[in-house]
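Some notes on the structure that comes next.
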Amino acid sequence: MKTIKEAWKAAVAAAVADLLREKGADPSIAAAVVAETPPDASMGDIGFPMFPLAKPLRMGPPQIAVALAERMASSKAPDGVAKAIGPYLNVFVDRASLAAAVLSARSSGEAYGRSASLAGTRIMMEFSSPNTNKPLHLGHLRNDALGESTSRILKANGAEVLKINLVNDRGVHICKSMLSYMAYGEGRTPDGEGMKSDHFVGDYYVKFNDLKKEDPKAEEKAQELLVKWEAGDPETIALWKTMNEWAVGGIRKTYERTGISFDKYYYESQIYLTGKEEVQKGLASGAFFRAPDGSVRIDLSPIGLEEKVLLRKDGTSIYMTQDIGLAIHRHNDWPFDRLVYVVANEQQYHFKVLFHILASLGYEWARNLYHLSYGLVNLPEGRMKTREGTVVDADTLLDSLRELAIEEIQAKGREDAVGDMAETAEKIALGAVHYYLAQATPAKDMVFNPKESLSFNGNTGPYIQYMGARISSLLRKRDLGEGKASQGTVRPELLTAESEWELVRLVAAYPEAVELAGAEYNPAVVAAHLYAIASAFSKFYHDEPILTCDDADIAATRLALSEAVLVVLKNGLRLLCIPFLEAM
RNA sequence: GCGUUCGUAGCUCAGCUGGAUAGAGCGACGGACUUCGAAUCCGUAGGUCGCCGGUUCGACUCCGGCCGGACGCACCA
């Protein structure tokens, strides 16, 4: 579709340039013609507004459209016709040729929707970044889904992507769960208690609140424990290691469950001291300065901010120091063209400053750092709060969604048709969550309504999965010899119904959606497109007989269209980390 | 106070980067299964796109100012 659009755009621009020359106007403005999509297929497939040409041509937009339509009719144009519709010049592309192109998507398989728009670009994606004192919650699920699916989308556009996870495994919050375990643990283990290990650790972190009530010095003691940890106290390190293994082990299980993976893990405990040297270098080069109190700072007035401390007067580093060192360290590990940080929008200031600092140090690649900022996930009752116990934990959420999916399968009596019911239910649950998270624009805060995501109706992941399952069912039946499709010939020109044409257009436009999603780091673009296709297919399926069609050629062609739709659904769902289901 | 960001149907979200009558889903109401899977489809109701100006042939979209919410403005991470 893209190439067709561009061919028409070039043809229209050429005709406009001719017209401008005839009228003695500057022909160079013809290059600025814009191609858009008319609101309704009955108005054409590509639209060119004539308004901007009115002044230079000293003609009304409708007359310009007419003049151009005549000119294009006699000249050599791509397949299709251009018509004047009011102040627009609209192109009706040749349906048979576009349909033929769309049906060929079947043989492209997984390659359909890939582009080379980012070929040769190395992109490092940092996401998830869990703390090792508690299990993942709903907010992490948004981060993970955004990071993983954006990575897949970038790869689909030809980029080489390295996914990395920075585990926050040190600090006073980690010490709190350790202190709490020292007080209440009595040598218990996750295995002994039959608990998922990250939840086990998380429970002790929560119990720290009890500890504070019993022991007013608990906060102080946590600080002291951190000092012991930094000093390398063997007993402290041993407990820290044990509890971290529990936490990280459990978190990794959740990643496996949700289909998230990383190419490389970084641990904060191993790198939190890096960056000091870089700050010293910056001091030497004059990018930073030493304040009267002895601390090292940077003047941020060039970006409209004040000063930022980079090294304390005692020479110890802070969060920013660490991130400076880490970015440089990573670029040495794997020289990237771009580095994308998937981090909540509350850290916008941090990244703005970080990027400026790295640029001040003279790193060329610092210009291609990007903070993929996303909003909070709230509940209908308001914000999730650890203290109030309103945090929706990821495993529990998936468990309850799975239970609901099982109930639904049972209610429809599809236990046998589905095969492994537990596995199917799990995939539906994952589809529900990942789609719900994907369909919202990343930058915005969103409300997660558990009840709504469970409904499996309307604009949801399961709805899209369902359309995939229906098409799969048609293909199974065809393979079993049902219907006449296998005796017919696929003839693209037979796709004449409006619902068929709508599907052709949407399948044809899918690669552009993937490209746009990549350019914007926005999986919601793919989600919206998939829903549009699923919805259009549902209408088509309802209105037109496919397998049961009497005409063998029509049956074969409609089935071929369904297969093309299936290719898009499969490819698109994969980009969104939503499992595809043959049956549900 | 300053900065960033968001404000579209009762609720949850789209709106192709400035174009044609502002769209979906949920919820409400009313229809469609002896026929390829009804986890579906069709219809009705519901909007001064927060408010006021500006730029433009044209603004939900860009600019300015208000109003309202969120998040920042650490020698915490």
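For residue A:497, indicate whether it is touching a strand residue (DSSP E or B) at 6+ places or on another chain (Cβ under 8 Å), farther than 26 Å from residue A:404 by Cβ and assigned by TED's automatic domain parsing to the domain that holds residue A:565.
On the way: touching a strand residue (DSSP E or B) at 6+ places or on another chain (Cβ under 8 Å): no; farther than 26 Å from residue A:404 by Cβ: yes; assigned by TED's automatic domain parsing to the domain that holds residue A:565: yes.
It is false that residue A:497 is touching a strand residue (DSSP E or B) at 6+ places or on another chain (Cβ under 8 Å), farther than 26 Å from residue A:404 by Cβ and assigned by TED's automatic domain parsing to the domain that holds residue A:565.
Against the condition surrounded by fewer than 18 Cβ atoms within 10 Å (Cβ to Cβ), of a type in the set (Gly, Ala, Ser), closer than 24 Å to residue A:515 by Cα and free of Cβ contacts under 8 Å to residues at least 12 places away in the same chain, how does residue A:10 come out, does it pass?
Considered against the rule, which asks whether it is surrounded by fewer than 18 Cβ atoms within 10 Å (Cβ to Cβ), of a type in the set (Gly, Ala, Ser), closer than 24 Å to residue A:515 by Cα and free of Cβ contacts under 8 Å to residues at least 12 places away in the same chain, residue A:10 comes out as yes.
Residue by residue through region A:145-195, note down the ones that are touching a residue at least 24 places away in the same chain (Cβ under 8 Å), among the aliphatic types (A, V, I, L, M) and within 18 Å of residue A:249 (Cα to Cα).
Selection gives A:164, A:166, A:167, A:174, A:178.
Is at least one residue of region A:364-384 surrounded by fewer than 18 Cβ atoms within 10 Å (Cβ to Cβ), touching a residue at least 40 places away in the same chain (Cβ under 8 Å), more than 14 Å from RNA strand B (Cβ to nearest atom) and not hydroxyl-bearing (Ser, Thr, Tyr)?
no
Pick from A:101, A:30: which is assigned to a helix (DSSP H, G or I), more than 8 Å from RNA strand B (Cβ to nearest atom) and at pLDDT below 90?
Of the residues listed, the single one that is assigned to a helix (DSSP H, G or I), more than 8 Å from RNA strand B (Cβ to nearest atom) and at pLDDT below 90 is A:30.
Quick check, is residue A:281 loosely packed, with under 13 Cβ neighbours inside 10 Å and either assigned to a strand (DSSP E or B) or more than 16 Å from RNA strand B (Cβ to nearest atom) (or both)?
So residue A:281 does not fit the description; no.
If residue A:547 satisfies every condition in (1) closer than 26 Å to residue A:419 by Cα; (2) more than 12 Å from RNA strand B (Cβ to nearest atom) but one, which is the exception?
Failed condition: (2).
Does residue A:563 fit the bill of being within 8 Å of RNA strand B (Cβ to nearest atom) and either touching a Gly at 6+ places or on another chain (Cβ under 7 Å) or of a type in the set (Asp, Glu) (or both)?
On the way: within 8 Å of RNA strand B (Cβ to nearest atom): no; either touching a Gly at 6+ places or on another chain (Cβ under 7 Å) or of a type in the set (Asp, Glu) (or both): yes.
Against the criterion (within 8 Å of RNA strand B (Cβ to nearest atom) and either touching a Gly at 6+ places or on another chain (Cβ under 7 Å) or of a type in the set (Asp, Glu) (or both)), residue A:563 does not qualify.
The rows are residues; the columns are (1) modelled with pLDDT of 95 or more; (2) of a type outside the set (D, E, K, R); (3) more than 6 Å from RNA strand B (Cβ to nearest atom); (4) more than 30 Å from residue A:390 (Cα to Cα).
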{"residue": "A:439", "(1), (2), (3), (4)": "no, yes, no, no"}
{"residue": "A:443", "(1), (2), (3), (4)": "no, yes, no, no"}
{"residue": "A:452", "(1), (2), (3), (4)": "no, no, no, no"}
{"residue": "A:456", "(1), (2), (3), (4)": "no, yes, no, no"}
{"residue": "A:477", "(1), (2), (3), (4)": "yes, no, no, yes"}
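Please find, among A:493, A:515, A:482, A:502, the residue that is touching a Ser or Thr at 6+ places or on another chain (Cβ under 7 Å) and among the acidic types (Asp, Glu).
On the way: A:493 fails: touching a Ser or Thr at 6+ places or on another chain (Cβ under 7 Å); A:482 fails: touching a Ser or Thr at 6+ places or on another chain (Cβ under 7 Å); A:502 fails: touching a Ser or Thr at 6+ places or on another chain (Cβ under 7 Å).
From the options A:493, A:515, A:482, A:502, the qualifying one is A:515.
Just one of (1) under 23 Å from residue A:419 (Cα atoms); (2) more than 9 Å from RNA strand B (Cβ to nearest atom) trips up residue A:460, so point out which.
All conditions pass for residue A:460, except number (2).
Among the residues of region A:75-93, is there at least one that is aromatic (Phe, Trp, Tyr), more than 11 Å from RNA strand B (Cβ to nearest atom), part of a strand (DSSP E or B) and under 26 Å from residue A:501 (Cα atoms)? Outline the logic, then answer.
Within region A:75-93, the subset aromatic (Phe, Trp, Tyr) is A:88, A:92.
Next, from what is left, pick out any that are more than 11 Å from RNA strand B (Cβ to nearest atom): A:92.
Filter again for part of a strand (DSSP E or B), leaving A:92.
In the following step, the residues that additionally are under 26 Å from residue A:501 (Cα atoms) were identified as A:92.
Yes, region A:75-93 contains at least one residue that is aromatic (Phe, Trp, Tyr), more than 11 Å from RNA strand B (Cβ to nearest atom), part of a strand (DSSP E or B) and under 26 Å from residue A:501 (Cα atoms).
Is region A:562-578 home to any residue that is within 19 Å of the chain's Cα centre (by Cα) and of a type in the set (Gly, Ala, Ser)?
So far as region A:562-578 goes, yes, one or more of its residues are within 19 Å of the chain's Cα centre (by Cα) and of a type in the set (Gly, Ala, Ser).
Among the residues of region A:43-85, which ones are in contact (Cβ under 8 Å) with a residue 40 or more places away in the chain and of a type in the set (Ser, Thr, Tyr)?
A:75
The values are calculated or read from the model by the stated rules, or taken from the named source; none is laboratory data. Note that this is a predicted model, so its numbers are computed, not measured. Counting neighbours? That spans all protein chains shown, and the Cβs are built from the backbone with ideal geometry, glycine included.
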